[in-house]
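What follows is one structure encoded as structure tokens, with my remarks underneath.
The values are calculated or read from the model by the stated rules, or taken from the named source; none is laboratory data. From a predicted model like this one, the values you see are computed outputs, not experimental measurements. Counting neighbours? That spans all protein chains shown, and the Cβs are built from the backbone with ideal geometry, glycine included.
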């Protein structure tokens, strides 16, 4: 059932993503020599269109619409858009410089208003449509160039010709020119397409924030499980990248963010994501991963992160393509490690691989798209979200498994504690009991027989290793207690008095040897430390689906310091009572409640819940009356 739910969730995310990315229909219409004829294009039926093709290109010229019309403007040629001008092979242009792009559209005048969606442009630019400035990121003496801000602009279409001019000035990035397509359509279509993309960015952000906060809480609780910490950093980095890329939601909050700040943040997110994935993988599969190679690539990512932090955008953007080689090697390393672990029988690695494949494919796609080798669009956001989902599932499975292992260890500790206590009880008591019985053989043979039977019952309970799982009935526990007190009564005579107040259902289940050690402690350290002895009262009753047990004595009692030592696990005194306290806390989360006053006596209380199910050694045993 869980597998089906996860599969459905994956499918929904993929469908939503590709629906959100579907801005335009595939069209064979291209711009030729700066002209695009859309007179036969029906925007309502055919949808939006990408303004791809050969635009007019004016190198080293920043031309306004009026200036282009003048004869002194010099056309360099017709060059493809989208494509960085540094990749115009026959021109061999530097990245730093300025240029003007122009194109003309013959449009259907039926559409009185049209909208244009601008792409991410890694430069200062100014967009003109029909002589009006629609968008500008160019800085002035008092302002700095602003960060990427793709947007939608609507303009009137009252003539049969639309002129689009883009002025570009670049000094900040190694990629100069137009890297992605402009999109043209009706206002409804273009805006709705952008809203879908914004919705996908918000979904990505919400998923990553949720996973990040959830696993941060887990890390705070568990502390030493560093895979949780690195997964949290990964989620934060993906969230930051999500609002800094695609539709750049960050610009809705900080519309005047300087380009250099935004560029550093989004560029730094890549080595941070890559490094945290490596560290997450290392700590998840620490015993089996290649430590030195992992840390080598972590070091490379941290080095590039440092370069981004201390150098200018032109320098680190120039190095970015070389850095991407290390990202490709990281992808290959993770694939190699996952295949190796799979062959070694590690089942968890398959879940990791399911998410890693999304990241690797989407990362390779984005690398190729960034370098304009393909025209698919960015999809790293999808890959990172799918990776987050897969790793959250993996971490949940890992935590569940650790919880089960912890439960088994608790049970073993409980069993060990019980066995240890059984060993502690026998030596001193057996010796004293045998001495008492021997002394009785001549004085009172009948009483001797009764004591031997009590002693036999007591030993049977102590050596009953079938009870090692830890539970018995009130009836059987009280038989052990009565057998013990019968022998002690024979030893101490009138110095020891016992009062029973047991109204509980005899079949109610309680931990083995949870009453007898407390009673023994009361006899040895409470009653017998007084010259005149005293009285022990044992009460067992039921209320609120729980069994309430109380052992009280009027012995010598304890001061606050000694009472504190009883709860101190490092103190070696009171082994029996500490053992009972520890077993109760392991099983029920709550131990003994002890009240004592010096020279007045001690009261020990415990509450045993009934009508609950607890897992013990892979089987469920019902604790109910």
Legend entry - Residues of segment 573-587 that turn out to be touching a residue at least 24 places away in the same chain (Cβ under 8 Å) and in a helix (DSSP H, G or I), as a count: 10
Inset, instruction - Quick one: which residue in 269, 289 is assigned by TED's automatic domain parsing to the domain that holds residue 233, in a helix (DSSP H, G or I) and touching a residue at least 24 places away in the same chain (Cβ under 8 Å)? - result: 269
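Tell me, please, whether a residue that is at pLDDT 85 or above, crowded, with 20+ Cβ neighbours inside 10 Å and under 28 Å from residue 500 (Cβ atoms) can be found in segment 609-625. Full working, then the answer.
Applying the first criterion (at pLDDT 85 or above) to segment 609-625 yields 609.
Among the residues that remain, those that are also crowded, with 20+ Cβ neighbours inside 10 Å are: none.
Within segment 609-625 (the criterion being at pLDDT 85 or above, crowded, with 20+ Cβ neighbours inside 10 Å and under 28 Å from residue 500 (Cβ atoms)), the answer is no, since none of the residues qualifies.
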Legend entry - Filter pass, residue 203 being surrounded by 19 or more Cβ atoms within 10 Å (Cβ to Cβ) and in a helix (DSSP H, G or I): no
Inset, instruction - Tell me, please, whether a residue that is under 18 Å from residue 288 (Cβ atoms), within 24 Å of the chain's Cα centre (by Cα) and either assigned by TED's automatic domain parsing to the domain that holds residue 148 or modelled with pLDDT under 95 (or both) can be found in segment 316-333. - result: yes
Inset, instruction - Only residues that are more than 17 Å from residue 269 (Cβ to Cβ), part of a helix (DSSP H, G or I), in contact (Cβ under 8 Å) with a residue 24 or more places away in the chain and touching a helix residue (DSSP H, G or I) at 6+ places or on another chain (Cβ under 8 Å): list them for segment 307-326, please. - result: none
Inset, instruction - Tell me, yes or no, whether segment 588-606 has at least one residue that is touching a residue at least 12 places away in the same chain (Cβ under 8 Å) and assigned to a helix (DSSP H, G or I). - result: yes
Inset, instruction - Run down 185, 179 and say which single residue is in contact with a strand residue (DSSP E or B) (Cβ under 7 Å, 6 or more places away or on another chain) and at pLDDT below 90. - result: 179
Legend entry - Qualifying strands (runs of 3 or more DSSP E) (wholly inside segment 127-177; at least 2 residues being touching a residue at least 24 places away in the same chain (Cβ under 8 Å) and closer than 21 Å to residue 37 by Cα): 152-156, 161-170
